[in-house]
Amino acid sequence: MKKRNTIVALLASAAILITFACSSAPTDLSKANIIPKPVSVTPAGESFTLTHRTDIYVNGESPEILQIGQYLADRLNPPTGFGLEVKKTKKDLVRGKILLALSDNDPSLGDEGYELVITDKSVRLTANKPAGLFYGVQTLRQLLPAKVEMATLQEGPWEIATGTIRDYPSYSYRGAMRDVARHFFGVDDIKIFIDQMAAYKMNMLHLHLSDDQGWRIEIKSWPNLTAHGGRTEVGGGEGGFYTQEQYSDIVRYAQERFITVIPEIDMPGHTNAALASYPELNAKGSDTTLYTGTDVGFSSLATHKEITYKFVGDVVRELAALTPGPWFHIGGDESHSTSLEDYIPFVNRVQDTVAAYGKHVLGWDEIALATLKPNTAVQYWAKAENAVKGVAQGAKVLISPSKYAYIDMQYDSTSIYGYNWAAYIEVDDGYNWDPASLVPEIKKENIIGIEAPLWSETISTRAEAEYLLFPRLLGYAEIGWTPKELRSWDDYKVRLANHGLRMKAMGISFYPSKRIEWIK
Ligand code: TNX
């Protein structure tokens, strides 16, 4: 019996040896398909193999570092089956292991940068701040085979090319917007999206929480906003809303992934759901009819009534209290039913309200027609002249030009979902532009970053959203992170082709653009 066991064991090890011999371990780190492309990659020509002995060691006093170590273990353990553990250490290098360490002696990496040093014996990830470690972990994921993204046990080997990556972002705001007003998307959908953003080092999630078709966030002092205004959506579906607890849950989940939530309450236009819930907010009339169409520009809060400012004050107070991030988005777009004479004082007053609750104002580019307060930032989506007016007032600009960055635009005339009023945006069109080269008066130093908005008039399910989001979101992530000089379509399209398998492993229903030679 003993002899037979020995033979079995010998055969098994031979099988393992053969497997190893047949697989060609990656040895050239410069060939790794990382998105967004890192600032610098120096290959060392060998490879490191992750095994059941490669536990994760963390060195640093921040409570977040343990959490990041655990996040990495939680990504690696299901597909590898290794059961890696997270352990504390005081050492700077642990042979045979993965080490995450905080050390703030590398100023060129900034607050979000990291250095990843991979030798044949160990992996060492360092950063000044926890955010940098988190982004380094995202890079490490992408160095492993795509099947590392599967939730079920996969076959190894788990090999990485050796070398050094030093990396940090171009812009501090790398965002996406989800419109949960036109069609409602629940907490689980948004959490999945947060995980997808995190994988590509995006850090700002703008939630468009109210519009003509629905009010999506519980406001305790104005309960009819959700009781009535949250009850439908485009096309007449049942709509929905987040309770304050659910919103806080989203905020926390995002925070754990170094993503800041930016709530938007669009005003004075795009407010039919609020007007129908509280008719006293109308200039005249008392219509309580909900709207399920897709027109824009027909509604306005009564900018002359004091009750409107009581309403805005209560909403901003409750939502600001639930929002740890610095920004509060006041919308301000397409207020075609508000005269400019009414619009300007309204925007001026609402900026004061937001400031009173400790937040900085973000608003669509039309708000630059008003007098911008210090720290107010303008989101350039439509009119360059508005954004330029903002810059002239000393405001920073968030770049979201509809022609390049609107994720609800169709890829081409055959696209099933989306609009085309701004453009068709194929994957290369979405990638081939630069935020600091769009408008001569808007220079890199005026720009906080880039955001890609996904409006949801034409989509109502997670798969439909993903069809528009992916693969374009990866390109927007790269534009926000990677310096302009390192970005090129020819290089990007090869890396993206490799991410097809990775997106598939992550369960993403992406649009298989013909402009990419997807690796099968
Ligand atoms: C314009 S972008 C809008 C949205 C629509 C979108 C559809 C912006 C600030 N306003 O209300 O949903 O077009 O593409």
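The values are calculated or read from the model by the stated rules, or taken from the named source; none is laboratory data. Given the structure is predicted, the values throughout are model-derived calculations rather than measurements. Here the Cβ is made from the backbone with ideal geometry for all residues, glycine too, and neighbour counts use every protein chain on show.
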Subset of segment 396-417, residues within 16 Å of Glu366 (Cβ to Cβ) and either of a type in the set (Asp, Glu) or surrounded by fewer than 24 Cβ atoms within 10 Å (Cβ to Cβ) (or both), comes to Pro401, Ser402
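Being at pLDDT below 95 and more than 16 Å from the ligand (Cβ to nearest atom): is that true of Thr303 here? Please lay out each step first, then the result.
Values: at pLDDT below 95: no; more than 16 Å from the ligand (Cβ to nearest atom): yes.
When the stated conditions are applied, Thr303 does not pass them.
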Matching residues in segment 149-160 (closer than 20 Å to Ser30 by Cβ and of a type in the set (Val, Ile, Thr)) number 1
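One line per residue, one yes/no per condition, for (1) within 16 Å of the ligand (Cβ to nearest atom); (2) over 9 Å from the mean Cα position of the chain (by Cα):
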position	(1), (2)
Ser170	no, yes
Gly175	yes, no
Val180	yes, yes
His183	yes, yes
Gly186	no, yes
Asp189	no, yes
Tyr200	no, no
Flagged pairs (Cβ under 6 angstrom, 6 or more apart or on separate chains; first in segment 487-508, more than 25 Å from Ala436 (Cα to Cα); second basic (Lys, Arg) and part of a helix (DSSP H, G or I)) are Ala505/Lys147
The residue that is farthest from Asn203 (Cα to Cα), considering only those in segment 462-491 that are surrounded by fewer than 24 Cβ atoms within 10 Å (Cβ to Cβ) and in contact with an Asp or Glu (Cβ under 8 Å, 6 or more places away or on another chain), is Trp489
- prompt: Quick one: is Glu457 part of a strand (DSSP E or B) and either more than 26 Å from Gly239 (Cβ to Cβ) or in contact with a helix residue (DSSP H, G or I) (Cβ under 8 Å, 6 or more places away or on another chain) (or both)?
  reply: no
Going through segment 25-39 in order, the residues found to be modelled with pLDDT of 95 or more and of a type in the set (A, V, I, L, M) are Leu29, Ala32, Ile34, Ile35, Val39
The number of residues in segment 247-287 that are part of a loop (DSSP other than H, G, I, E, B) and hydroxyl-bearing (Ser, Thr, Tyr) is 3
Taking segment 439-454 and keeping only residues that are farther than 29 Å from Asp211 by Cα and not in a helix (DSSP H, G or I), one is left with Val439, Pro440, Glu441, Ile442, Lys443
Exactly one of Leu486, Leu454 is of a type in the set (A, V, I, L, M, F, W, C) and farther than 30 Å from Gly186 by Cβ, and that residue is Leu486
Quick check: is even one residue across segment 497-507 within 16 Å of the ligand (Cβ to nearest atom), crowded, with 16+ Cβ neighbours inside 10 Å and of a type outside the set (S, T, N, Q)? no
Note on segment 329-349: residues crowded, with 23+ Cβ neighbours inside 10 Å, within 16 Å of the ligand (Cβ to nearest atom) and of a type outside the set (Ser, Thr, Tyr) are His329, Ile330, Gly331, Gly332, Val347
By my count, helices (runs of 4 or more DSSP H) wholly in segment 315-405 with at least 2 residues that are free of Cβ contacts under 8 Å to residues at least 60 places away in the same chain and in contact with a helix residue (DSSP H, G or I) (Cβ under 8 Å, 6 or more places away or on another chain) are 340-356, 384-392
Meets criteria (within 16 Å of the ligand (Cβ to nearest atom), at positive phi, surrounded by fewer than 15 Cβ atoms within 10 Å (Cβ to Cβ) and of a type in the set (Gly, Ala, Ser)) for Gly297: yes
The residue from Thr152, Thr162 that alone is in contact with a Phe, Trp or Tyr (Cβ under 7 Å, 6 or more places away or on another chain) and either hydroxyl-bearing (Ser, Thr, Tyr) or in a strand (DSSP E or B) (or both) is Thr162
Selection over segment 264-294 where residues are over 21 Å from Arg178 (Cβ atoms), within 14 Å of the ligand (Cβ to nearest atom) and surrounded by fewer than 24 Cβ atoms within 10 Å (Cβ to Cβ) yields a count of 0
The lone condition Phe193 fails out of (1) within 16 Å of the ligand (Cβ to nearest atom); (2) touching a strand residue (DSSP E or B) at 6+ places or on another chain (Cβ under 7 Å); (3) farther than 30 Å from Pro107 by Cβ is (1)
Picked from segment 420-453 (must be surrounded by fewer than 18 Cβ atoms within 10 Å (Cβ to Cβ) and within 12 Å of the ligand (Cβ to nearest atom)), the residue nearest to Leu362 (Cα to Cα) is Ala422
The condition from (1) under 24 Å from the mean Cα position of the chain (by Cα); (2) surrounded by 15 or more Cβ atoms within 10 Å (Cβ to Cβ) that Leu50 misses is numbered (1)
